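Written out below as structure tokens is the structure these notes cover.
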Amino acid sequence: MKFDVLLKNCHLVDFKNDIEAVMDIGILGGKVEEVKTEIRSDLASELFDLQGALVVPGVIDPHMHASAWLGGRAAHKMLALAGVTTAFDLAGPVDTTLALARKYGAGLNICCLNSIRPGYTVEDSDPSASELQRFLQDSLTSGAIGYKLLGGHYPLSPEATRRAIETANDSGAYVAFHAGTLENGSNLKGMEEALALAGKNRMHLAHINSYCRGQFDIPENEAVAALRRLQEYPNVFAESYLSPYNGTSAKCTDGVPESLVTRRCLELASYAPTEDGLRKAIQDGWANFVLERSGINVLVSGQDGVENWLAADKAGTVSFRVNPGSSRYLIAAGRKRDGSFVVNAFSSDGGGIPRNEIVPQGLALVKWGELSLKEFVAKTSFNTAKMLGLSGKGHLGEGADADITVIDELCHDVLMTIVAGKIVMYRGLVVGQGATVLTTEQGCQAVKNAGLSASVISLFGR
Ligand SMILES: [Zn+2]
């Protein structure tokens with residue numbers, strides 16, 4: 001047999017190779033072997049007729065959560081169901097992300113950051129360059145590709161934030177930032193500060209939509225200001241998610257939610273920023289507790305939500321419906337004068353947080369007429385692949401990794417998720433296992449020790 005798998009009659013859309021046509025795709029040894037208008041059916045061991053399905057390079061989610069701290073074990077299944085083939089855990093801790101992937105993985109490619117968190121992973125909110133360097137090296141040796149600044153939730157001083165960005169850049173490691181410092185919150189001012197602190201350094205600025213919720217002006221004006229400012233920083237990779245729901249910590253200590261974002265969300269709807277305020281908000285349905293049911297995470301509120309939050313020792317994750325449609329839309333669609341997107345990619349900020357909506361919401365923008373199908377592929381796969389230096393991903397040219405997302409053209413349901421030529425999800429049934437971990441040379445051993453296979457990547461195309 002010439003092919004392991006043959007996908008017939010695909011409506012193939014490939015941004016990089018400029019293809020939008022009905023094609024057959026032959027897969028061999030985990031790679032795309034041949035793409036032609038007609039490939040003989042008898043040449044394949046396994047054949048799928050995908051007439052009526054959109055076939056795109058596997059969705060790469062640049063921001064999700066799948067650790068014991070955030071997202072949890074259901075993340076892999078939820079991502080596979082959502083058509084994601086490569087997923088970036090933007091908080092870690094990497095050791096628990098790897099352990100969960102080993103046990104509950106769905107056969108996806110994953111990579112991970114560790115988080116800088118005062119009182120937990122660094123001593124306080126003003127860590128020195130040497131403390132940051134130590135934490136960075138520990139993170140890389142543990143399999144992470146760098147670290148994340150959790151500013152909006154758990155801020156550092158502006159100077160320490162700048163040091164953290166510089167330290168990662170000097171080491172060629174990855175740094176992502178949820179904007180916010182001790183001086184500015186998780187909002188437009190915090191975002192502007194984050195860009196200024198990055199300067200000319202490389203940085204991944206998380207979920208741009210979340211800084212435009214209308215704290216200083218109407219959300220539309222904030223979105224336009226964010227888009228304008230971002231264009232001054234081509235060194236910054238930016239993503240935005242498409243769900244109305246956020247996700248934040250439900251953990252309370254001494255009667256107060258630990259996260260500044262959680263407190264702010266409570267105040268937004270006139271609840272006290274306290275444990276009691278959070279209980280009332282869950283009871284009323286303003287806050288939604290993230291709970292695992294039948295192997296996937298769902299949002300629950302009311303008495304059910306309160307009881308489950310209490311049973312989790314007042315910890316876990318809650319989601320608030322705080323992302324206005326107008327700013328989400330502008331940020332998803334905003335373009336530079338040359339037609340390219342200001343915000344490089346769609347993310348979910350989901351994984352185990354139930355909002356893995358890249359495919360349905362992204363295609364809604366296509367239906368709206370805001371994006372072409374090829375641009376959908378750019379924002380869901382190609383741009384992130386390029387940023388992570390994954391030359392075999394983000395497209396389906398011959399020789400590419402056979403990471404493929406198959407979507408029902410009419411209802412936008414994900415029908416199949418294929419990773420390295422293997423079907424990991426078929427019509428709602430997740431059959432993949434484990435994970436391939438994208439890591440640096442330094443992290444390979446830790447990945448192997450965790451019982452997973454490692455694939456070395458060259459960050460930022462270096
Ligand atoms: Zn996140």
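Below is a table of values for the structure above.
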{"quantity": "Ranking of TRP69, TRP368, TRP309 by count of other Cβ atoms within 10 Å, fewest first", "calculated": "TRP368, TRP69, TRP309"}
{"quantity": "Estimated 222 nm signal from helices in the chain, with DSSP H stretches of n ≥ 4 weighted -39500 (n - 2.57), rounded to 500", "calculated": "-8000 deg cm²/dmol"}
{"quantity": "Cα extents of the range 315-462 along the three principal axes, largest first (Å)", "calculated": "46, 38, 35"}
{"quantity": "By average C-beta atoms within 10 angstrom, highest first, the peptides 88-101, 418-431", "calculated": "88-101, 418-431"}
{"quantity": "Convex hull per residue volume in Å³, alpha carbons only, for the range 75-218", "calculated": "114"}
{"quantity": "For GLY146, distant residues with modelled amide H under 5 Å away", "calculated": "ASN114, TYR174"}
{"quantity": "Cut-off under 5 Å, modelled amide H: who pairs with PHE88 long-range", "calculated": "ASP61, HIS63, MET64, CYS111"}
{"quantity": "When the range 13-158 is reduced to its Cα atoms, the Kirkwood hydrodynamic radius in Å", "calculated": "18.0"}
{"quantity": "Cut-off under 5 Å, modelled amide H: who pairs with PHE341 long-range", "calculated": "LYS336"}
{"quantity": "Assigned charges on the beta-carbon of Lys, Arg, Asp, Glu; the range 257-318 dipole about Cα centre (debye)", "calculated": "140"}
{"quantity": "Listed pairs LYS77/LYS280; LYS189/LYS367; LYS148/LYS367; LYS367/LYS422; LYS16/LYS379 exceeding 23 Å between Cα atoms", "calculated": "LYS77/LYS280; LYS189/LYS367; LYS148/LYS367; LYS367/LYS422"}
{"quantity": "Filtered GluC sites (Glu not before Pro), the range 1-93: DSSP coil and at most 10 other beta carbons within 10 Å", "calculated": "GLU38"}
{"quantity": "Dipole magnitude of the chain about its Cα centre (Cβ charges: Lys, Arg +1; Asp, Glu -1), debye to nearest 20", "calculated": "140"}
{"quantity": "Rounded to whole Hz, the Karplus (6.51, -1.76, 1.60) HN-Hα couplings of the range 302-309, x for glycine and proline", "calculated": "x, 4, 4, x, 4, 4, 6, 5"}
{"quantity": "Dimensions in Å of the range 257-318 - Rg and Dmax from alpha carbons", "calculated": "11.0, 34"}
{"quantity": "Alpha-carbon spread of the chain, three principal axes, descending order, Å", "calculated": "67, 47, 47"}
{"quantity": "Trypsin sites (Lys or Arg not before Pro) within the range 177-218: DSSP coil, no more than 13 neighbouring Cβ in 10 Å", "calculated": "LYS200"}
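Just so you know, all these numbers are worked out from the coordinates, no wet-lab data involved. Since the structure is predicted, the reported quantities are computational estimates derived from the model, not experimental observations. Using ideal geometry, Cβ is built from the backbone for each residue, glycine included, and neighbour counts are taken over all protein chains shown.
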